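Student: What follows is a structure written as structure tokens; I'll ask about it next.
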Amino acid sequence: MDFAAFADRAAAIEAESADTAITERVGELLADADSELPIVVRFLQGRVFPAHDSRTLDIGPALCYEAIARAAGRNVTAEDVESRLADRGEIGAVAASYDFGGQQGLGAFTGGDDGGLTVAEVDEDLRAVAAATGDGSRDTKRDLLFGLFNRSSPEEARYLARLVLGEMRIGVGGGTVRDAIAGAFDLSVEAVERALQVTNDYGLVADIARDDGVDGLGELRLEIGRPVQAMLAQTGTVTGALEDWGTAAVEVKYDGARVQVHYDGESVRLFSRNMEEVTDPLPEVVAFLERELDAPAILDGEVVAVDEDGDPLPFQEVLRRFRRKHDVARAREDVTVRLRAFDCLHADGEDLLDAPLRDRRDRLETVLGSGVSEWWLADDAEAIADIEATALEEGHEGIMLKDPESTYSPGRRGKHWRKRKPDVETLDLVVTGAEWGEGRRAELLGTFEVSVRTPDVYAPVGNVATGITDERLEALTERLEPYIRSETGVAVDLEPAVVFEVGYEELQASNTYDSGYALRFPRFLGVREDKAPEDADTLDRVRRLADAQ
């Protein structure tokens, strides 16, 4: 498929407003995609790699601006591109405003000829961008991007620029792609959803749906080494859980970082909640698992930091280990971590997603034994209150309540798992803007615009400045500067990349923000290093929380 054809179809999808029309157009594109179907599916979602693949392009907006400027020629600079971004609002519109293709003799940085780009060529070159590392890699990445832009029409450049920065802005989310796959290849949504749960790979599922139908999808299984999305919990009460289930499984809610354990019988790999590999920073956890596991398995659990007495330390201490890529030995001396496994998704060749929690816990204790989190079966609110009090006294966050008969649903936040914490509700929000400070803080970003997810954009719900020390401001400024897209006076527009945990007193209806809501007395609680922007809270959740006040 020519990339021009993909861009035209993407523009048609973007022009639609109704969900059904968007899904129908996506389905038509998938049906026409031929051998490049998996690539087309990923591109529609703003991805080069499947969600379970931790590879990234590893570029910031500035490098994209440089490539666009170079392809635009006529003495255009990256600063000119950034200035135009401030006027036009998003990188796709900026890229489409230039007339590319006139730069000759600057090197053939793509593998194609002088003809138009194909979807496969764009995919190949973007994978080469991701593979470029080490000395000179920045120039290599820029040159590859230049080569792509230099062969692009304005409409191609619009969607190429968005793809490079990971935000297509055409209203196509995971649910849309799932429904489009089902519609395009005459399958049930349930069959496609199940296949996505076990593979976490929309491109693969689309390919098999087209070629092998429902039988092919039914043969898909969990694969050791390919992480899937974690099952999630909603907030809930003890009374509600007992009314719904009669008996509740009660677990400690640890203040740790979620990990998925993959053991193939010889070696262990660890993946974060975002499905990024975190094996290397946690060698003692790996060694423990390779010593204790007696069969191939996929486990769910948390890594917690503990002091010399084994008492839990705050979540931020765990993140110090997760972020450490070098000098891991020193990090081990500073922060001790332990695994607390609480679920078993696969054991010794058998997928367990459809098994009840009771049985999965039995298998967990069989394959691992030590390192398994405690759990209790209780049908009495007073007994659960005692468990919760003990957990809090020991320094944990609270308790988890789970339906003992529930299956494991990857990526779902449902009624079968409920978290109970004594703290006020918080939101995980994407940082989409900021302001430079004044006086001694003039070189620091100080007020942060935070936003919720919608299917199309990130919608602001307020500005956060409370709860941040000068030391933390320095770290946040360093963290966010690579994602600056444009500046107007003291106002800064940021690429959605970092997630804040934000506390608040109340949610109020508001015409000030596009979301329709505003946080009353928001306060910064921390950076959610374990979450990507697509994991942030949604506008739907904000609506539910506001209605429940």
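Student: Specify the residue that is surrounded by the fewest Cβ atoms within 10 Å (Cβ to Cβ); the eligible residues are those in the range 394-414 that are modelled with pLDDT of 90 or more and acidic (D, E).
Tutor: Out of the qualifying residues, it is E394.
Student: Still on this structure, please answer the following. State which residue pairs qualify: first residue in contact (Cβ under 8 Å) with a residue 40 or more places away in the chain and inside the range 366-387, second residue exposed (fewer than 13 other Cβ atoms within 10 Å of the Cβ) and of a type in the set (S, T, Y) in any location, beta carbons under 7 Å apart, and separation of 6 or more residues or different chains.
Tutor: Once the first residue is in contact (Cβ under 8 Å) with a residue 40 or more places away in the chain and sits in the range 366-387, its partners that are exposed (fewer than 13 other Cβ atoms within 10 Å of the Cβ) and of a type in the set (S, T, Y) give A381/T239.
Student: Using beta carbons and a limit of 7 Å, which pairs, at least six apart or on different chains, have the first residue in the range 471-485 and of a type in the set (V, I, T) and the second one surrounded by fewer than 18 Cβ atoms within 10 Å (Cβ to Cβ) and assigned to a helix (DSSP H, G or I)?
Tutor: none
Student: Also: Report yes if some residue within the range 182-195 is polar (S, T, N, Q) and crowded, with 19+ Cβ neighbours inside 10 Å; otherwise report no.
Tutor: Narrowing the range 182-195 to residues polar (S, T, N, Q): 188.
Pick out the ones that are also crowded, with 19+ Cβ neighbours inside 10 Å and you get none.
So far as the range 182-195 goes, no, none of its residues is polar (S, T, N, Q) and crowded, with 19+ Cβ neighbours inside 10 Å.
Student: Would you be able to say whether some residue in the range 494-505 is more than 30 Å from F271 (Cα to Cα), at pLDDT 90 or above and among the aliphatic types (A, V, I, L, M)? So that I can check it myself, show each step before the final result.
Tutor: Going residue by residue through the range 494-505, those that are more than 30 Å from F271 (Cα to Cα) are 504-505.
Still in the running and at pLDDT 90 or above: none.
No.
Student: Out of curiosity, is L339 part of a loop (DSSP other than H, G, I, E, B), touching a residue at least 40 places away in the same chain (Cβ under 8 Å) and surrounded by 16 or more Cβ atoms within 10 Å (Cβ to Cβ)? Write out each step before concluding.
Tutor: Working: part of a loop (DSSP other than H, G, I, E, B): no; touching a residue at least 40 places away in the same chain (Cβ under 8 Å): yes; surrounded by 16 or more Cβ atoms within 10 Å (Cβ to Cβ): yes.
Spelling it out, it is not the case that L339 is part of a loop (DSSP other than H, G, I, E, B), touching a residue at least 40 places away in the same chain (Cβ under 8 Å) and surrounded by 16 or more Cβ atoms within 10 Å (Cβ to Cβ).
Student: A follow-up question, please. Name, by its number, the condition in (1) within 18 Å of Y517 (Cα to Cα); (2) aromatic (F, W, Y); (3) surrounded by fewer than 23 Cβ atoms within 10 Å (Cβ to Cβ) that does not hold for Y483.
Tutor: Y483 satisfies all of (1) within 18 Å of Y517 (Cα to Cα); (2) aromatic (F, W, Y); (3) surrounded by fewer than 23 Cβ atoms within 10 Å (Cβ to Cβ) except (1).
Student: Let me ask something else. With the structure loaded, tell me whether E193 is under 18 Å from the mean Cα position of the chain (by Cα) and either in contact (Cβ under 8 Å) with a residue 40 or more places away in the chain or part of a helix (DSSP H, G or I) (or both) or whether it fails that test.
Tutor: No.
Student: In the range 511-530, what count of residues is obtained for those that are in a loop (DSSP other than H, G, I, E, B) and touching an Asp or Glu at 6+ places or on another chain (Cβ under 6 Å)?
Tutor: Taking the range 511-530 as the starting set, the residues that turn out to be in a loop (DSSP other than H, G, I, E, B) are 511-516, 521-522, 528-530.
Going one step further and asking which of them are touching an Asp or Glu at 6+ places or on another chain (Cβ under 6 Å), we end up with 521, 528.
Residues in the range 511-530 being in a loop (DSSP other than H, G, I, E, B) and touching an Asp or Glu at 6+ places or on another chain (Cβ under 6 Å): 2 in total.
Student: Taking the range 221-252, which residues are among the basic types (K, R) and out of contact with any strand residue (DSSP E or B) (no Cβ under 6 Å at 6 or more places or on another chain)?
Tutor: Selection gives R226 alone.
Student: Sort through V205, V214 and tell me the only one that's more than 17 Å from the chain's Cα centre (by Cα), assigned to a helix (DSSP H, G or I), crowded, with 22+ Cβ neighbours inside 10 Å and outside the structural domain of L401 (by TED's automatic domain parsing). Break it down into steps so the answer makes sense when it comes.
Tutor: Numbers: V214 fails: crowded, with 22+ Cβ neighbours inside 10 Å.
Unique residue meeting the criteria: V205.
Student: Going by the conditions given, is G183 over 30 Å from V328 (Cα atoms) and modelled with pLDDT under 95?
Tutor: Numbers: over 30 Å from V328 (Cα atoms): yes; modelled with pLDDT under 95: no.
Spelling it out, it is not the case that G183 is over 30 Å from V328 (Cα atoms) and modelled with pLDDT under 95.
Student: So R138 clears everything in (1) of a type outside the set (V, I, T); (2) part of a helix (DSSP H, G or I); (3) free of Cβ contacts under 8 Å to residues at least 24 places away in the same chain except one condition, right? Which one?
Tutor: Of (1) of a type outside the set (V, I, T); (2) part of a helix (DSSP H, G or I); (3) free of Cβ contacts under 8 Å to residues at least 24 places away in the same chain, only one is false for R138: (3).
Student: Being in contact with a strand residue (DSSP E or B) (Cβ under 7 Å, 6 or more places away or on another chain) and surrounded by fewer than 22 Cβ atoms within 10 Å (Cβ to Cβ) is true for just one of E435, E449, E443. Which residue is that? Break it down stepwise before answering.
Tutor: Values: E449 fails: surrounded by fewer than 22 Cβ atoms within 10 Å (Cβ to Cβ); E443 fails: in contact with a strand residue (DSSP E or B) (Cβ under 7 Å, 6 or more places away or on another chain).
Every option except E435 fails the conditions.
The values are calculated or read from the model by the stated rules, or taken from the named source; none is laboratory data. Just so you know, these numbers come straight off a predicted model, no measurement behind them. Note that we place each Cβ from the backbone using ideal geometry, even for glycine, and neighbour counts take in every protein chain shown.
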